[in-house]
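Asker: Have a look at the structure that comes next, please.
The values are calculated or read from the model by the stated rules, or taken from the named source; none is laboratory data. Just so we're clear, the structure is a prediction, and the values are computed from it rather than from any experiment. With ideal geometry, Cβ positions are generated from the backbone for all residues, glycine too; neighbour counts draw on all protein chains shown.
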Amino acid sequence: MQRYFVTPEQMTDSIVTISGDDVKHIAKVMRMSPGDQVICSDNRERVATCEIADIQESSIELSIIEWLENDTELPIPVTIAQGLPKHDKLEMIVQKGTELGANGFLPFQAFRSIVKWDAKKSKKKTERLQKIIKEAAEQSHRNRMPDCFEPVTFKELISHSEAYTIKVVAYEEDAKQNESANLAKVLQSADIHTDRMLVVVGPEGGLSEDEVDALQEAGFITCGLGPRILRTETAPLYLLTAVSYQLELLR
């Protein structure tokens with residue numbers, strides 16, 4: 001069943017109103033009509049099975065049939081702080097990261113980032129990423145869409161990290177030494193009721209020693225992601241999978 005996100009204001013206790021691009025998707029692409037059912041989420045707590053009642057050119061009205069209780073979110077919120085990578089890798093990271101349960105994405109300008117984020121195009125690029133996230137969240141039946149923040153400086157990343165209780169940095173030198181115990185220890189001790197996790201992944205070429213030192217001073221734990229060296233676009237997906245295995249499959 002197709003899933004669509006709406007704002008809390010578009011969902012009452014009995015009616016959901018869909019507007020924007022989703023109207024075209026429902027009416028033209030999916031060729032739905034009154035009586036067909038979809039799932040709607042207010043991107044917060046409420047998810048419901050809904051039946052299309054009326055289709056207009058700019059909006060669709062649906063009646064709520066049943067409230068759904070299934071929780072499809074990771075037990076703890078995980079934000080991926082990604083050093084800006086080349087080409088379209090960031091799009092792939094937010095798409096697959098959304099499917100794997102990430103709570104948010106925070107791109108940052110690392111010392112070895114080749115890509116320089118154009119401030120004039122920042123809003124447009126972030127909107128593009130958020131659209132990719134929305135589509136991936138609907139496809140994977142997420143209860144909510146991850147946030148995608150505009151890129152920050154490394155200094156701003158350090159400041160942003162103060163809001164998290166678990167802070168991990170993927171460090172290839174640890175992987176070379178086959179040091180993966182740190183990640184296992186962190187996940188085994190995670191409290192699903194209180195913890196919030198921030199994961200830092202460097203760009204191509206990795207993080208500099210100065211950046212790693214600064215992250216450690218800010219309370220980050222370095223860890224390898226298995227004995228192999230992973231690409232920048234693979235590392236966050238590995239980590240999200242590890243979180244899911246430890247906190248969902250083993251509990």
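Asker: Would you check if there is a residue in the range 63-73 being closer than 21 Å to ALA163 by Cα, more than 10 Å from the chain's Cα centre (by Cα) and not assigned by TED's automatic domain parsing to the domain that holds SER244?
Answerer: Yes, the conditions are met somewhere in the range 63-73.
Asker: For the condition of a type in the set (A, V, I, L, M, F, W, C), more than 20 Å from the chain's Cα centre (by Cα) and either surrounded by 15 or more Cβ atoms within 10 Å (Cβ to Cβ) or outside the structural domain of LEU84 (by TED's automatic domain parsing) (or both), what is the one hit in ALA190, ALA214?
Answerer: ALA214
Asker: Quick one: how many residues across the range 205-243 are in a helix (DSSP H, G or I) and hydroxyl-bearing (Ser, Thr, Tyr)?
Answerer: 2
Asker: Pick out the one residue from LYS86, LYS121, LYS125 that is surrounded by fewer than 17 Cβ atoms within 10 Å (Cβ to Cβ), without any contact (Cβ under 8 Å) to a residue 24 or more places away in the chain and farther than 24 Å from MET1 by Cα.
Answerer: Only one candidate qualifies: LYS121.
Asker: Could you tell me whether ALA136 is under 19 Å from the mean Cα position of the chain (by Cα) and either under 18 Å from GLU91 (Cα atoms) or without any contact (Cβ under 8 Å) to a residue 12 or more places away in the chain (or both)?
Answerer: Judged against the criteria, ALA136 is a match.
Asker: Would you confirm whether or not the range 13-35 contains a residue that is within 30 Å of ALA242 (Cβ to Cβ), of a type in the set (Asp, Glu) and either outside the structural domain of GLU135 (by TED's automatic domain parsing) or loosely packed, with under 13 Cβ neighbours inside 10 Å (or both)?
Answerer: no
Asker: Moving on. How about the range 1-114: which strands (runs of 3 or more DSSP E) wholly inside it have at least 1 residues that are within 30 Å of ALA170 (Cα to Cα) and of a type in the set (Ser, Thr, Tyr)?
Answerer: By residue number, 78-83.
Asker: Among LYS176, LYS185, LYS134, which is modelled with pLDDT under 95, charged (D, E, K, R) and within 24 Å of PRO85 (Cα to Cα)?
Answerer: Just a single option satisfies the conditions, and that option is LYS176.
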